[in-house]
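Working notes, beginning with the structure itself.
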Amino acid sequence: MHRSPSISTGIERSSAPRSGKLLVLFAVLIPSILAVAGLVLDGGLLTAASRKAQHAADAAASAAAAEIAYGEASPASVAERYIKVLNQLPNATVTTHVPPTVGEYAGDEDHVEVIVTVPVQTHLMRFGGTDSVRVRAVAGRQVTTAPAALVILDPDPPELNLLGLPISLPSVMPLLGGLEVLGLGAVRVDGAIHVNNSWGGFDENGDRIGRRGLRRACSCTPLLPLTRVRCRDLRVVGGVDNPDCYQPFTGGGELPLKANRFPVPDPYANVPPPSVASDSTNVDTTYRGAPTVIGIPLIGPPTTLRPGVYDWIQIVSGRVIFEPGIYIIRGKNPLTQISLNMLAGEVQADGVMFYVTDTTSYSSATGLPDAAEGETDPGNPGVLSLVPSVLIDTALPGNRFSGLNSPGSPYHGMLLMQRRMDRRPILLIRQALLGNVEFGGNIYAKWGHVILTGNGTFRSGIVCGSLRILDVLNCLIDPADPLPAAKDVFLLE
């Protein structure tokens, strides 16, 4: 029988049993496959957890650094809240160091280090179980302005009330601004101006911010078109009336205005009222009475006043020499209602500080009751509190004022300090037209209103609730002892 030829398929069937090579190969590759899968799956989980933890640590460090400047809670508690509550990492371990322990900012009290360790549930790496990620962040305050010449603290000064005041008195409380400038020329400030007033206005871009109305955090009301405020920096919580009125201290510089910023702390917040307890070297507890000096100007014999405790001091005319030290004035003249009144005369007050309290029970031994006062706003002033507590007119030639010269004292460089709860204004008149007048020493009136009027150079840094400058031709504020620069919080590591 004829058979057709067979057709080969190219496949040879083997009747021998399988050798198991694929199974062995698969067994060998399993660890590598699991490792790759672990890197993809668990590595992604760890990367996501690390990113979330880092963002949380950055926010926590920034908030903790801000708490150092503006808050009352501990930086550690703020960091813990940011990590566990606000960023929803309840199982994280949070460690906070103030100052940082390592890195560029180690030992710097203005900086905070936050270390966060977060457990992460893995599935393949290390055969499943719990792994963790650890992140670190450092934030701190960095200087952002020149050293300050003027610091305006009151965020919302009270309304002006002129009922019952004599017509001849100037309006002494702010009408238009926490910092109000009126005048016939440029007010030049060799330093920064920090204004914590929160009233509305415009920012450096001309955009409206805050509440609408006539009142501004800074108000420049020129009587001549060229009236300007020229300064190194102008840092304002609220807004200004016209950004064009605020110019750089020197021509061609960067515009100084930065509005809508955080407030700055009170640079004298920790300075106690003067007493033997706080400065035994410069405080004298001797009671000196209530002198009124009326002498022959220029040619008469001088009257010498010594440090101690006074009911008030009034200089009408004549030559007066204040010996160096601290003068505590605990009352006011019943006729003028002024505590420190220098109407005229040739006054030499070198190396002195005046403390004005209007507290007849004030103790120069302990500083009580003023030492027990905190940061509480004293509320709206009464009518009588609008009469100046201090009036210093330095019109006559030969007048010379300088702050306490005692480097070991908390009052070093200060000329005038007013009780914190006292809202009464301080009126300083300086005229350089009649001859050489020297006026220096820092001024502190936490809730008070300071008025500078005249022309020439004030070698004073001023910290007050609100400030009005009545400029005549040309006024320069150039403190011999500048106040601290402003600092802002930055994330650094």
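For this structure, a couple of remarks:
- Annotation note: Cβ proximity below 7 Å between a residue of region 183-196 that is part of a strand (DSSP E or B) and a residue that is surrounded by fewer than 24 Cβ atoms within 10 Å (Cβ to Cβ) and hydroxyl-bearing (Ser, Thr, Tyr) (sequence gap 6+ or interchain) occurs for Gly183/Thr227; Ala186/Thr227; Ala192/Thr145.
- Residues of region 185-236 classified as on the phi > 0 side of the Ramachandran plot and of a type in the set (A, V, I, L, M), total: 0
- Any hit, region 58-71, residues being surrounded by fewer than 16 Cβ atoms within 10 Å (Cβ to Cβ), within 38 Å of the chain's Cα centre (by Cα), at pLDDT 90 or above and not assigned by the TED database to the domain that holds Asn196: no
- Among the candidates Val112, Val78, Val118, the residue that is at pLDDT below 90 and more than 30 Å from Arg423 (Cα to Cα) is uniquely Val118.
- Strands (runs of 3 or more DSSP E) lying entirely in region 316-379 (those with 1 or more residues that are under 23 Å from Val271 (Cα atoms) and of a type in the set (Val, Ile, Thr)): 325-329, 352-356
- The residue list Gly318, Gly308 contains one member that is modelled with pLDDT under 95, in contact with a strand residue (DSSP E or B) (Cβ under 6 Å, 6 or more places away or on another chain) and not acidic (Asp, Glu), which is Gly318.
- Filter result (over 25 Å from Pro248 (Cβ atoms) and either of a type in the set (A, V, I, L, M, F, W, C) or at pLDDT 85 or above (or both)) within region 158-190: Leu160, Leu162, Leu163, Leu165, Ile167, Leu169, Val172, Met173, Leu175
- Restricting attention to region 393-437, the residues that are among the acidic types (Asp, Glu) and surrounded by fewer than 18 Cβ atoms within 10 Å (Cβ to Cβ) add up to 0.
- Test for Asp488: is it more than 30 Å from Glu373 (Cα to Cα) and charged (D, E, K, R): no
- Taken as a whole, the condition of being touching a residue at least 12 places away in the same chain (Cβ under 8 Å) and outside any helix (DSSP H, G or I) does not apply to Pro90.
- Among all positions in region 191-206, there is at least one residue which is at pLDDT 90 or above, closer than 17 Å to Leu255 by Cβ and among the charged types (D, E, K, R).
- Residues satisfying the stated conditions in region 229-252, i.e. within 20 Å of Gly200 (Cα to Cα) and assigned to a strand (DSSP E or B): Val229, Asp233, Leu234, Arg235, Val236, Val240, Tyr246, Gln247
- Whether a residue is touching a strand residue (DSSP E or B) at 6+ places or on another chain (Cβ under 9 Å) and buried (at least 20 other Cβ atoms within 10 Å of the Cβ) was assessed, and Val293 does not pass this test.
- Lone qualifier among Pro378, Pro407 - being free of Cβ contacts under 8 Å to residues at least 12 places away in the same chain and either of a type outside the set (Gly, Ala, Ser) or touching a Gly at 6+ places or on another chain (Cβ under 9 Å) (or both): Pro407
- Those residues of region 272-290 which are touching a residue at least 40 places away in the same chain (Cβ under 8 Å), surrounded by fewer than 16 Cβ atoms within 10 Å (Cβ to Cβ) and of a type in the set (Val, Ile, Thr), in sequence order: Thr281, Thr285
- Members of region 132-150 that are in a strand (DSSP E or B), under 15 Å from Lys258 (Cβ atoms) and polar (S, T, N, Q): Gln142
- Among the residues here, Asp233 does not qualify as of a type in the set (Asp, Glu) and either surrounded by fewer than 18 Cβ atoms within 10 Å (Cβ to Cβ) or more than 24 Å from the chain's Cα centre (by Cα) (or both).
- Residue tally, condition without any contact (Cβ under 8 Å) to a residue 60 or more places away in the chain, within 16 Å of Leu305 (Cβ to Cβ) and either touching a Lys or Arg at 6+ places or on another chain (Cβ under 8 Å) or hydrophobic (A, V, I, L, M, F, W, C) (or both), over region 318-338: 6
- Matching residues, region 244-270, being of a type in the set (Val, Ile, Thr) and at pLDDT 90 or above: Val264
- Hey, Ile392 within 17 Å of Arg288 (Cβ to Cβ) and not small (Gly, Ala, Ser) or not: no
- Considering residues of region 421-467 that are within 22 Å of the chain's Cα centre (by Cα) and among the polar types (S, T, N, Q) only, the residue nearest to Ala269 (Cα to Cα): Asn442
- Residues in region 472-485 that are modelled with pLDDT under 95 and crowded, with 24+ Cβ neighbours inside 10 Å: Cys475 alone.
- Single residue of region 333-346 satisfying the filter (surrounded by fewer than 24 Cβ atoms within 10 Å (Cβ to Cβ) and touching a Leu at 6+ places or on another chain (Cβ under 9 Å)) that is farthest from Leu391 (Cα to Cα): Glu346
- The residues listed here are Gly440, Gly456, Gly461, Gly465; of these, the one that is in contact with a Phe, Trp or Tyr (Cβ under 7 Å, 6 or more places away or on another chain), in the same structural domain as Asp370 (by the TED database) and either surrounded by fewer than 24 Cβ atoms within 10 Å (Cβ to Cβ) or closer than 25 Å to Pro407 by Cα (or both) is Gly440.
The values are calculated or read from the model by the stated rules, or taken from the named source; none is laboratory data. Predicted model, so just to flag it, every value in this text is computed and none were measured. Cβ coordinates were reconstructed from backbone atoms using ideal geometry, including for glycine residues, and neighbour counts include every protein chain displayed.
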